[in-house]
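Quick notes on the structure that follows.
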C-alpha cells in the first residue's frame, strides 16, 4: 500500500523532523528532490513561473556542481535551496561519518539551513547532528512520481487530499522527466483550482 500522507503521529514520534507547517492561509510547500537536471528542471522552473509560485529544491551537490547555471537559475528566480547530500547517500546504508562528510561538503559549496535525507531515511544519531544547524524537512504528501507503477490518475486523485500547510515531495531527475512533463501541469492546475499557492520553505 502506498502511503501518500503519513499519519499525524509522525509529528510526535519524530519531533526532530519537520513534516508540515501550521498556516492560516491556503499555502502549500512544493519541494523537488534530486536535481538540478537539464532534462526536467528548466521545465519545472518555467511551470512555477507560470503560476508565480515558489518552491524548495533539495539538490544533490554533485548535480549542482555539474550544472551551475541551472542551479543559479533556481536561486535567481526566488526558490529556496536545501541540502540533499553531495552523492544522494542512503543513511541506512552509509557509515555515519561518511554521510556527514557528504552533508558538510554540500554546505561548503552551497550553504543552506534546510536538509532532506535522500530516500527519506535518516538515523537518529545523524538527525541529532544535522538538526543542530538545519531544519530537517520531511513531508506530509509524497507523490510517488518516481514509481512508474503508480499511475498519474492515482497521483492526481490522492492530490485532492492535500491541505494547507502540507509539504509536497516531487522530483526533478532525468529518470522521470517524460512523466513529469505530463503530470506536473495537471497537478499544478488541480492545486491552483483548489486555491493553493506554493511558497518556499524559509530558513
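The values are calculated or read from the model by the stated rules, or taken from the named source; none is laboratory data. The structure presented is a predicted model; accordingly, all values stated were derived computationally and were not measured. A quick note on method: Cβ atoms are made from the backbone with ideal geometry, for glycine too, and the neighbour counts reach across all protein chains shown.
For the reader, a short list of remarks on this structure follows.
- The single residue among 85, 56, 31, 41 that is surrounded by 19 or more Cβ atoms within 10 Å (Cβ to Cβ), under 14 Å from the mean Cα position of the chain (by Cα) and at positive phi turns out to be 85.
- Filter result (free of Cβ contacts under 8 Å to residues at least 60 places away in the same chain, touching a helix residue (DSSP H, G or I) at 6+ places or on another chain (Cβ under 8 Å) and either closer than 25 Å to residue 45 by Cα or not in a helix (DSSP H, G or I) (or both)) within segment 76-93: 77, 81, 83, 84, 85, 86, 87, 88, 89, 90
- Just one residue in the set 102, 202, 133, 157 is at pLDDT 95 or above and part of a loop (DSSP other than H, G, I, E, B); that residue is 133.
- Members of segment 120-132 that are within 16 Å of residue 33 (Cα to Cα) and either touching a helix residue (DSSP H, G or I) at 6+ places or on another chain (Cβ under 9 Å) or surrounded by fewer than 14 Cβ atoms within 10 Å (Cβ to Cβ) (or both): 121, 122
- Verdict on residue 162 being under 22 Å from residue 64 (Cα atoms) and within 18 Å of the chain's Cα centre (by Cα): no
- Number of positions in segment 94-119 that are touching a residue at least 60 places away in the same chain (Cβ under 8 Å) and surrounded by fewer than 17 Cβ atoms within 10 Å (Cβ to Cβ): 1
- Of the candidates 168, 191, 184, the single residue that is in a strand (DSSP E or B) and in contact with a strand residue (DSSP E or B) (Cβ under 8 Å, 6 or more places away or on another chain) is 168.
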